[in-house]
Structures are given as C-alpha cells and as structure tokens.
Amino acid sequence: SQTIHQWPATLVQPVGSPLSLECTVEGTSNPNLYWYRQAAGRGLQLLFYSVGIGQISSEVPQNLSASRPQDRQFILSSKKLLLSDSGFYLCAWSDRQGGYGYTFGSGTRLTVV
Amino acid sequence: SQQGEEDPQALSIQEGENATMNCSYKTSINNLQWYRQNSGRGLVHLILIRSNEREKHSGRLRVTLDTSKKSSSLLITASRAADTASYFCATPGRNTGFQKLVFGTGTRLLVSP
C-alpha cells in the first residue's frame, strides 16, 4: 500500500535561519507531488508541484523553493526564513491523472520566531 | 486563489443529527473532491464525484453535484462526535493538465455528544 512520510512534525526556527522539510512516498512510482501551506484557520495554498525528478513548478512567488532529487522524495527549502513563513506545511501525492484524490502527509507545524 | 467556497464556515450540531455543508466553485471542472481535516493533522480524502455524476454515496456520506449551479453539498448522516473536523471541497485549478487541486476555506464541524 502507498504511504507518505513527512517530517519533522513541528519546528521552531529563528528568523533568517535555513529550512528543509522532507517528504517521501512509498508504494508507488512516478507520483505527482505537492507542497501546500495552510495558515491558521484557513484553506490550503498550493506552493509547489512536481510531475517528475527535477521538474518543479512554483505557484506563488515567495521565499521558499522546492526540489525533487528522487522520484519519491520532495523537499521544501528556504535559505532565510521570514516571520511570514510560519504555518502548517502539507505534502501530498497523487497518481498522474489525479482521478483518485490526493493523499496527504501528517504535516509540519513551522513557527518562525 | 480560492476556487471553492464552503458554507457555512462553522456548524455545530448534536450527535445523531445530520450535517450538511455546501461548496460553490467558479470554473468548469471535471471532478470535485471532499476532504476532512482533524485539528492539527493532514487532510484525508473522503469522496470524489465526477462532473457527469449527480450524486454519490460512501457510508454515511452523501455528495451531490450540480454543475449548472457550480455547487456541491456534503451530507453526513447520523453524525458522531468523531466527525468533528474541518471539511474542505477541492477542485482542479484552472488550466490544470494534471489535477492541481484548489481548496476552499473549509467548514468547521463540531458534533457534541
């Protein structure tokens, strides 16, 4: 069966520090991968998506970047965090057609102080 | 940008009652999906309804879709305290070639014992 792992679960980082969040998927090949951010009490904002190794599309200009070094690995990064980067970050995967919905990771709560 | 808007924003009911949540969207779609999010957790896919379907059932869930009104509803029958969560509708974003989902702002459901 397919599973998705996302870590860490919580993170407190000072302003100006770097960030690396990792997401891995098991049990499937060639997934579409996504990073979303959710502000408190709000909906989800799509940040990045990827259809293959090294293929990253950015949805919103921001202080973050994403990489996909392996087929089932998706990394969200920042060189210097801002206060506004605080939020709940969710990784998700879907099959190529997306016709069966997304499977989400358990999320990372990031607080920038 | 938000594609779907859920209504109401919050709903409070007693166990055993039915809960109905509505979603309106803006552009043509090929499917609409509903997700549940327990507090501080990732989203869980509940049900997907295709644009050529008008109604779909899954256990205590009933989803309807009216493409002429660009709206959908999620009905949870015989609610339980464990149904307390936020519920989101999601649709493929405009110009998507591979089902990038755009989420609404969600309905917070509270089911009291």
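Neighbour counts of C-beta atoms inside 10 Å place A:THR108, B:THR64, A:THR103 in the sequence B:THR64, A:THR103, A:THR108, starting with the fewest. Exposure proxy ranking for B:VAL102, A:VAL113, based on other Cβ atoms within 10 angstrom of each Cβ and starting from the fewest, stands as A:VAL113, B:VAL102.
Summing charges over all other residues whose Cβ lies under 14 Å from the Cβ of A:ALA40, with Lys and Arg as +1 and Asp and Glu as -1, gives +3. Reported value for chain A: 96 Å³ per residue, from the convex hull of its C-alpha atoms.
For the set A:LYS80/B:LYS26; A:LYS80/B:LYS100; A:LYS80/B:LYS70; A:LYS79/B:LYS26, the pairs lying more than 30 angstrom apart at their alpha carbons are A:LYS80/B:LYS26; A:LYS80/B:LYS70; A:LYS79/B:LYS26.
An ellipsoid equivalent to the protein assembly as shown, defined through the eigenvalues of its Cα gyration tensor, has semi-axes of 29, 20, 16 Å when rounded to whole angstrom and sorted largest first. Treating each Cα of chain B as an identical point scatterer and summing with the Debye formula, the log10 of I(q)/I(0) at q = 0.12, 0.16, 0.20 Å⁻¹ comes to -0.38, -0.67, -1.02. Here segment A:1-106 is treated with +1 on each Lys and Arg Cβ and -1 on each Asp and Glu Cβ, and its dipole about the Cα centre works out to around 200 debye.
Full extension of the chain between A:HIS5 and A:VAL51 gives 14.7 nm of extra length, using 0.36 nm per residue less the Cα-Cα distance.
Of the residues A:VAL112, A:VAL25, A:VAL12, the one with the fewest other Cβ atoms within 10 Å heads the list, and the complete ranking is A:VAL12, A:VAL112, A:VAL25.
Quick note: the coordinates plus some simple rules give every number you see, no bench work behind them. Just so it is clear, the structure is predicted and the values come from calculations on it, not from any experiment. Here Cβ is always computed from backbone atoms with ideal geometry, including for glycine, and neighbour counts include all displayed protein chains.
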